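Asker: Below you'll find the structure I mean.
The values are calculated or read from the model by the stated rules, or taken from the named source; none is laboratory data. Predicted model, so just to flag it, every value in this text is computed and none were measured. Cβ: placed from backbone, ideal geometry, glycine included. Neighbour counts: every protein chain shown.
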Amino acid sequence: MSNNLIDISDAAQRLGVTIATLRRWDASGKLKSVRTFGNHRRYRLDEIETLVNQVEAVAPIQLNAFIYCRVSTKKQQESGNLQRQQERLIQYCKENHYN
C-alpha cells in the first residue's frame, strides 16, 4: 500500500466533490483520513485513486441546467441581444455536458 498522502483540497479535486463532502465521508467512515499533528486531514493517494476508478466505471451523471436570459429594454430585444444570450448559454451548456 502506498504511503503517499495528499491534502483535502487535492483529494476533493481528484474525486470531483467538495471539501465538505470529504469531511462528511470522514465522519461517516466512508473514507478515512489520516490526521497530522496540526489536525489537518490527509488522504492516502491509493485510496483516492481507487475511488476515482470506481466512479469512472459508473455511467456518467447527467447534469441539468436552467438558463435565464433577459434584456432591459424592448430595443435591446429587437436588436437581437436576447437571442445572442440564449445562443451563448445553450452553447456553454453543450460544451459542459449539461442537459
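Asker: Could you run through segment 61-86 and say how many residues are at pLDDT 90 or above, surrounded by 10 or more Cβ atoms within 10 Å (Cβ to Cβ) and under 30 Å from Arg14 (Cβ atoms)?
Answerer: Counting residues in segment 61-86 that are at pLDDT 90 or above, surrounded by 10 or more Cβ atoms within 10 Å (Cβ to Cβ) and under 30 Å from Arg14 (Cβ atoms) gives 1.
Asker: Check Lys94 against each of (1) assigned by TED's automatic domain parsing to the domain that holds Ala11; (2) exposed (fewer than 12 other Cβ atoms within 10 Å of the Cβ); (3) part of a helix (DSSP H, G or I); (4) within 20 Å of the chain's Cα centre (by Cα) and name the one condition it does not meet.
Answerer: Lys94 satisfies every listed condition except (1).
Asker: Can you find a residue in segment 16-35 that is modelled with pLDDT under 90, surrounded by fewer than 10 Cβ atoms within 10 Å (Cβ to Cβ) and over 30 Å from Leu89 (Cβ atoms)?
Answerer: yes
Asker: I'm told Val58 meets every condition in (1) under 24 Å from Cys93 (Cβ atoms); (2) at pLDDT 85 or above; (3) hydrophobic (A, V, I, L, M, F, W, C) except one. Can you identify the failing condition by its number?
Answerer: Result: Val58 fails condition (2) only.
Asker: Right, another one. Need pairs with beta-carbon distance below 7 Å; first residue small (Gly, Ala, Ser) and within segment 12-41, second outside any loop (DSSP other than H, G, I, E, B); sequence gap 6+ or separate chains.
Answerer: Note: pairs meeting the criteria are Ala12/Ile19; Ala12/Leu22; Ser33/Asp26; Ser33/Arg41; Ser33/Arg42; Ser33/Tyr43.
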